[in-house]
Amino acid sequence: MSSAPDTVVLAARIHTLSPDPAPGSPVTAVAVKDGLITAVGDAAQARAWRGKDTEVIDLGDATLTPGLTDGHSHPVLGLDLATGADLSAVRDLDGLRAALAAAPRTDGWVIGWGLDHNVFGGRPVHRELLEAVLGPDTPAFVRLYDGHSALASGAALRLAGVDGPRAFAQRALVVCEPDGTPTGHLIEHAAMDLVVDVMPRRPLAERREALLALLSGMAATGLTGAHVMDAGGDVLELLRGVEAERPLPLRLRLAPWCMPGTDKEGLAELIALQREAGRNWLVGGVKFFMDGTVEGGTAWLEHPDCHGQSRDSFWLDPAAYSEAVHHLHAAGVRTATHAIGDAGVRHVLDTVAALGTEGRMRHRVEHIETLPYAQAARFREAGVIASMQPTHSAYTRADHTDQWSQRLGTERAERAWICRSLRDAGAVLALGSDWPIAHFDARGILAYAQLRRHAGTDTPPVAVDQALTPLMALEGFTTHAAIAAGEAETTGRIAPGLRADLTAFTLDPLTADPDELAEAPVALTMSDGVVTHRQG
């Protein structure tokens, strides 16, 4: 059997991100065989590696890095969330009315997503806004951008049998008038699911094609993998169906949800799911929710927001959350916990710290939107991994006139998304998009992490002191993402024996102007040794 590589990749610069680079000439060549990196070296060495069937990919002046991994994404669930009219560009109520009037109908429904809370300007989120445009008999469901709240029309509520308040096993709310009539504002998953369960849904075959197109689009921005923070419904069936026909363009690591009320039998099912895997996907971990969102009034804060809300854990009994995490940890299962408010983050840190040294680098916190600087050091001390999405702060404003900031007040708003403080404190920080909450384009996130604003705009940056260096940003998508998944020995760097996940930029991400990097084409993406995108 030939030992020659399947592929040799040449580039002007290769950032291996290995802690101890080998001495000698700069690395400009990588050999790949059977999905693994077999050698790194220079062009002269590469000539000696080649066999008669070796494909040589010469990227010219491009810069090669370890493959980018989105540390928090919902590519499968997001296909359902990002359905209907894209309302992310709507900025005021007049714009909302115009978008609703022009929205397509799906089996008679008007469905929208991505609506910014700031559109309401502090006014109540009420179904009258939908019905004034669509009439009283049109079922409509509009998701707000945070993914944790929605607005439903009266017709949609009637189809779902929602005619008053409901009690849930978790923090969730059907917002009602004083007389008990629902306003249409549904807060958190359990409340939204009442309507989602009666909404039209695309056929499985159509969703397979949509997933493949989405993942291919992600690969074109340099992504080779994603940590998928869900695995419910028919997600695994969908993935198997795609892989039965062709390889997935990204390597996906899925974490099914553990919701409040999950008993020992439910935990056993989550543990059993960890054995599920395909060629380029696997179930690896469990996702928890410690709280909801600031804008929805369901974050868990040490002190209430300006409306007296965000005072409680998503779990009615926070101790039950801790018990579930400890149970899964004992079974060898990694966990990721959504915690936005400072009290929620504190409780997760306390929970993991109680595990002692055995809990280090096995559990992570997602989002971390507002946190006292003094708490940043606890991530390093307890060995808890931070996972953040820098572009989420784009829903806030530097002058604190947005809904998120007004709910929190100036002091808490100024400690928004403290990415740099966490890195300076020695924490591991994985970066991601949370698509479809924010765009998946990895180049834009790399740029935003450095600029604290969207590239190509003159928007004042949010908490500019929390900007990351170019290397920190790149590490968030590579070495730190690998640590967050427990895969530091198999991916995240360019070294022999590691998985052949590679991303080639037409600009050097460590020296390029971030505004330019966000728009620069990706020359090549390789996931698990398979080229999933190639410029031109």
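Laid out as a table, the results:
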| item | result |
| --- | --- |
| The one condition in (1) free of Cβ contacts under 8 Å to residues at least 40 places away in the same chain; (2) in contact with a Ser or Thr (Cβ under 7 Å, 6 or more places away or on another chain) that GLU269 fails to fulfil | (2) |
| The listed residue being touching a Ser or Thr at 6+ places or on another chain (Cβ under 7 Å) and farther than 26 Å from GLY217 by Cα, out of ASP53, ASP42, ASP94, ASP70 | ASP42 |
| In the range 506-535, the residues that are closer than 27 Å to ASP34 by Cβ and in a loop (DSSP other than H, G, I, E, B) | ASP528, GLY529, GLN535 |
| Unmet requirement for THR503, which otherwise passes all of (1) at pLDDT 95 or above; (2) surrounded by fewer than 24 Cβ atoms within 10 Å (Cβ to Cβ); (3) not in a helix (DSSP H, G or I) | (2) |
| Count of the range 41-55 residues which are among the hydrophobic types (A, V, I, L, M, F, W, C) and open to solvent by 50 Å² or more (accessible area, probe 1.4 Å) | 3 |
| Test: LEU64 is open to solvent by less than 10 Å² (accessible area, probe 1.4 Å) and out of contact with any Asp or Glu (no Cβ under 9 Å at 6 or more places or on another chain) | yes |
| The range 379-402, residues that are part of a loop (DSSP other than H, G, I, E, B) and either closer than 18 Å to LEU301 by Cβ or open to solvent by less than 10 Å² (accessible area, probe 1.4 Å) (or both) | GLY383, VAL384, GLN389, THR396, HIS400, ASP402 |
| Residue check for HIS148: open to solvent by 10 Å² or more (accessible area, probe 1.4 Å) and in contact with a His (Cβ under 9 Å, 6 or more places away or on another chain) | yes |
| Test: residue in the range 81-94 that is in a loop (DSSP other than H, G, I, E, B), without any contact (Cβ under 8 Å) to a residue 40 or more places away in the chain and of a type in the set (Lys, Arg) | yes |
| The range 465-478 - residue that is in contact with a helix residue (DSSP H, G or I) (Cβ under 9 Å, 6 or more places away or on another chain) and assigned to a loop (DSSP other than H, G, I, E, B) and, of those, surrounded by the most Cβ atoms within 10 Å (Cβ to Cβ) | LEU468 |
| Sole exception among (1) under 27 Å from the mean Cα position of the chain (by Cα); (2) within 27 Å of PRO318 (Cα to Cα); (3) surrounded by fewer than 20 Cβ atoms within 10 Å (Cβ to Cβ) for PRO200, by number | (2) |
| Qualifying position, being open to solvent by 10 Å² or more (accessible area, probe 1.4 Å), closer than 21 Å to GLY383 by Cα and in contact with a Pro (Cβ under 7 Å, 6 or more places away or on another chain), among HIS347, HIS329 | HIS347 |
| Filter result (farther than 12 Å from VAL142 by Cα and of a type in the set (Asp, Glu)) within the range 75-90 | ASP80 |
| The listed residue being farther than 24 Å from MET192 by Cβ, open to solvent by 10 Å² or more (accessible area, probe 1.4 Å) and in contact (Cβ under 8 Å) with a residue 60 or more places away in the chain, out of GLY284, GLY261, GLY278 | GLY284 |
| Filtered residues of the range 109-143 (kept if in a strand (DSSP E or B), β-branched (Val, Ile, Thr) and under 17 Å from GLY95 (Cβ atoms)) | VAL110, VAL142 |
| In the range 302-326, the residues that are among the small types (Gly, Ala, Ser) and surrounded by 20 or more Cβ atoms within 10 Å (Cβ to Cβ) | SER310, SER313, ALA324 |
| Residue tally, condition touching a strand residue (DSSP E or B) at 6+ places or on another chain (Cβ under 8 Å), over 14 Å from HIS126 (Cβ atoms) and open to solvent by less than 60 Å² (accessible area, probe 1.4 Å), over the range 163-179 | 3 |
| Qualifying residues in the range 67-103 (those that are under 13 Å from the mean Cα position of the chain (by Cα) and open to solvent by 10 Å² or more (accessible area, probe 1.4 Å)) - the one modelled with the lowest pLDDT | LEU77 |
| Residues satisfying the stated conditions in the range 226-244, i.e. surrounded by 15 or more Cβ atoms within 10 Å (Cβ to Cβ) and within 21 Å of the chain's Cα centre (by Cα) | ALA226, HIS227, VAL228, MET229, ASP230, ALA231, VAL235, LEU236, LEU238, LEU239 |
| Residues of the range 114-127 that turn out to be loosely packed, with under 12 Cβ neighbours inside 10 Å and at pLDDT 95 or above, as a count | 0 |
| Residue within the range 290-301 that is in contact with a helix residue (DSSP H, G or I) (Cβ under 8 Å, 6 or more places away or on another chain), of a type in the set (Phe, Trp, Tyr), buried (at least 18 other Cβ atoms within 10 Å of the Cβ) and more than 18 Å from ALA484 (Cα to Cα) present | yes |
| Unique match (being under 22 Å from the mean Cα position of the chain (by Cα), part of a helix (DSSP H, G or I) and small (Gly, Ala, Ser)) among ALA319, ALA324, ALA376, ALA336 | ALA376 |
| Test: THR490 is open to solvent by 50 Å² or more (accessible area, probe 1.4 Å) and either closer than 24 Å to GLY41 by Cβ or hydroxyl-bearing (Ser, Thr, Tyr) (or both) | yes |
| Close pairs from the range 376-395: first of a type in the set (D, E, K, R), partner assigned to a loop (DSSP other than H, G, I, E, B) and open to solvent by 10 Å² or more (accessible area, probe 1.4 Å), Cβ under 8 Å, at least 6 apart | ARG380/ALA425; ARG380/GLY426 |
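One line per residue, one yes/no per condition, for (1) of a type outside the set (A, V, I, L, M); (2) more than 28 Å from VAL76 (Cα to Cα):
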position: ALA438; (1), (2): no, no
position: PRO461; (1), (2): yes, yes
position: MET472; (1), (2): no, yes
position: GLU487; (1), (2): yes, no
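The values are calculated or read from the model by the stated rules, or taken from the named source; none is laboratory data. What you are looking at is a predicted structure, and each value in this text was computed from that prediction instead of being measured. Here the Cβ is made from the backbone with ideal geometry for all residues, glycine too, and neighbour counts use every protein chain on show. The protein model used for the area step is the full one, side chains on, heavy atoms only, and it has no ligands, DNA or RNA in it. Shrake-Rupley method; radii C 1.70, N 1.55, O 1.52, S 1.80 Å.
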